[in-house]
Amino acid sequence: MFANEIIIDGLQYCKWDREYFTFLKNSKLSAVHITLVYHENARETLSRFAQWDRFFENNADLIMPVMSADDIILAKEKGLVGIFFGAQNCSPIEDEIGLIPVMRKLGLLIMQLTYNNQSLLATGCYEKEDSGITRFGRQAIAEMNRVGMIIDMSHSSQRSTLEAIDISSRPICISHANPTFAHNALRNKSDEVIKALAKRGGLIGFSLYPFHLPNGSNCTLQDFCKMIAKSADMIGIDHLAIGSDLCKNQDISILEWMRNGRWSKEMDYGEGSASNANWPKDLTWFCDEKGMENIHEGLLQHGFNEKEVSKILGKNWLNFLDKGLKPQI
């Protein structure tokens, strides 16, 4: 059954090359939301688009660009992996609201309002003071709603996330985070946030990044499925998905760019520490091409039925994208 399903990973930032694109295809993924940029400005973001144009040209037998939910279905039919772009920060639009429709036309389908820090739009989850959505943020949300760019609050603070859910006229996503009831990390989300997200039709993608999981790299597949089951009891199946936050084959310099960008003179270790500054150790059951298939089997063994597992592993993302990417008339 797994091979016939629409399987969507709601967030990855791996080392993009032909070897990894082959890995994605062998993993039987239908589509992946890839991080195009973290802290890059508008001009640098254009170069990332150009880089991916070359990837698509040189690997057309493995991957294809996704601009709509229909493209994911087409990728599945062709035996290719669909790639859709997101930004983990609002830096690509700089201080210009007019860049939102421009970036959307280029293929930026999802944008986080902030990455850990205070941005021009919202407060990040690492800030001590949570001032919520800014004036610019309110207008940016309205413009993202208008053009069909999905709002992502994965790295945002509690107040900012709740306000974004309320302000947005369209459902938003938390593409890669876990509930705080499973692990009380700064990046994870409270019951209040998760319930508010679901009430407005939003989606949460469960993260497999060890710093977000109970027992870290020693988190078992059973514990991961237990977290999903408790979330299903809280908000229902239709709001649950996977956003692995997989960062495979990346050098530590990439981790340092994610954590520090250009904003810090001192080394920031994020959820790590000076004594634990590198990438966390991979989960044993999510480290090879069988990762998503292992989750599929784990959820079935945990008591979910085939239809429910199908929704969690892909169809909820597909439906969410189908509705969220269409411009408002």
Tell me the per residue accessible area of region 161-251 using a 1.4 Å probe; a whole number in Å² is fine. 36
Per 0.36 nm of contour for each residue apart, how much would the distance between Gln51 and Thr22 grow if the chain were fully extended, relative to their Cα-Cα spacing? 8.7 nm
Per DSSP H run of at least 4 residues, take -39500 (n - 2.57); add these up for the chain, divide by its residues and hand me the 222 nm value, nearest 500 deg cm²/dmol. -11500 deg cm²/dmol
Which percent, to the nearest 5, of DSSP beta bridges fully inside the chain are antiparallel? 5
Run the accessible area of region 95-178 with a 1.4 Å probe and give the carbon-and-sulfur part as a rounded percent. 49
Using the alpha-carbon centroid of each, what span in Å lies between region 70-144 and region 217-233? 28
extent check for region 145-241: Cα max minus min per principal axis, descending, whole Å, gives 43, 24, 21
Mean separation of Cα contacts under 8 Å, 6 or more apart, over the residue count of the chain: relative contact order %: 20
26 Å Cα-Cα reach of Lys281 towards lysines, excluding residues that sit fewer than 8 places from it in its own chain: Lys15, Lys25, Lys28, Lys189, Lys226, Lys230, Lys248, Lys290
Highest-fluctuation residue, Asp61, Asp251, Asp233 considered, GNM on the chain with Cα pairs under 10 Å: Asp233
Over the chain, with a Gaussian network built from C-alpha contacts below 10 Å, which listed residue (Met267, Met103, Met234) shows the highest mean-square fluctuation? Met267
Using a 1.4 Å probe on heavy atoms of the protein chains only, the accessible area for Arg200 in Å², nearest 10, reads 100
Might you work out the accessible area of Phe2 for me, using a 1.4 Å probe with all protein chains in place, and round it to the nearest 10 Å²? 10
Given the convex hull of the Cα atoms of the chain, what is a quarter of its surface area in nm²? 15.1
Glu266, Glu297, Glu192, reordered so the largest accessible area comes first (probe 1.4 Å): Glu266, Glu192, Glu297
Heavy-atom accessible area ranking, 1.4 Å probe, most first, across Lys128, Lys76, Lys326: Lys128, Lys326, Lys76
Pick from Gly132, Gly303, Gly201: which is most flexible by mean-square fluctuation in a GNM of the chain where alpha carbon atoms under 10 Å apart are linked? Gly303
Rounded to whole angstrom, the alpha-carbon centroid of region 298-329 lies from that of region 180-212 at a distance of 17
Those aspartates and glutamates that a straight Cα-Cα span of less than 18 Å connects to Lys76, excepting residues fewer than 8 apart in one chain: Glu5, Asp9, Asp61, Glu289, Glu293, Asp322
Solvent-accessible surface (1.4 angstrom probe) belonging to Ser27, in square angstrom, nearest 10: 10
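The values are calculated or read from the model by the stated rules, or taken from the named source; none is laboratory data. Because the structure is a prediction, the values reported are computed rather than measured. We work out accessible area using only protein heavy atoms, side chains counted, and drop any ligands, DNA or RNA first. Shrake-Rupley method; radii C 1.70, N 1.55, O 1.52, S 1.80 Å.
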